[in-house]
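The values are calculated or read from the model by the stated rules, or taken from the named source; none is laboratory data. Source: prediction; values computed, not measured. Note: ideal-geometry Cβ built from the backbone for every residue, glycine included; neighbour counts use all protein chains shown.
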Amino acid sequence: MLAAALPWDAGSVAQARGHARAAATELHLDARVLRSCVLAASELVSNAVEHGTPPLQLRLWAVAGGLRLEVEDASPDLPSALAMPVAAASGRGLAIVGAVSSAWGHYSTDSGKCVWCDVVASTATGSDEPG
């Protein structure tokens, strides 16, 4: 398992993507799963920075056929996926996480909340072809 404290700024998103890419590569996950892990990490951390409260923690570990991603912050407010208008500039993060994962959810912690998802080969999106 990898656990990383992330800074409370936009740079944390890039760090989360790097950690997800490294974990997926270390587990020899295929290109689709790797890309889906990176996308899910980006969306979960973006949501935490936008709507949560510091500090920010990322945890990654292997699950059957893929990777579990958890993002914890100190806000007790649990997330909810919203139906957004097509023209909306934001608000689709959890819908994207739901689309690239086999399961996602959240739970309260002693210090706030944790939002998680499992990205596995059967639910990863996209093509194996580069480009």
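Just a few scattered comments:
Here is a yes/no grid of residues against (1) at pLDDT 95 or above; (2) of a type in the set (S, T, N, Q); (3) farther than 14 Å from Cys117 by Cβ; (4) under 11 Å from the mean Cα position of the chain (by Cα):
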position	(1), (2), (3), (4)
Val13	yes, no, yes, yes
Asp30	no, no, yes, no
Val38	yes, no, no, yes
Val45	yes, no, no, yes
Ala74	yes, no, yes, no
Leu78	no, no, yes, no
Pro85	no, no, yes, no
Gly91	no, no, yes, no
Trp104	yes, no, no, yes
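- First in segment 59-81 and closer than 18 Å to Ser42 by Cα and touching a residue at least 60 places away in the same chain (Cβ under 8 Å), second anywhere and surrounded by 14 or more Cβ atoms within 10 Å (Cβ to Cβ) and not aliphatic (A, V, I, L, M), Cβ under 6 Å, 6 or more apart: Trp61/Arg68
- Answer residue from segment 7-46, given it is in contact (Cβ under 8 Å) with a residue 40 or more places away in the chain, out of contact with any strand residue (DSSP E or B) (no Cβ under 9 Å at 6 or more places or on another chain) and in a loop (DSSP other than H, G, I, E, B) and is surrounded by the most Cβ atoms within 10 Å (Cβ to Cβ) among those: Asp30
- Considering segment 47-65, the residues that are among the small types (Gly, Ala, Ser) and on the phi < 0 side of the Ramachandran plot include one that is surrounded by the fewest Cβ atoms within 10 Å (Cβ to Cβ), namely Ala64.
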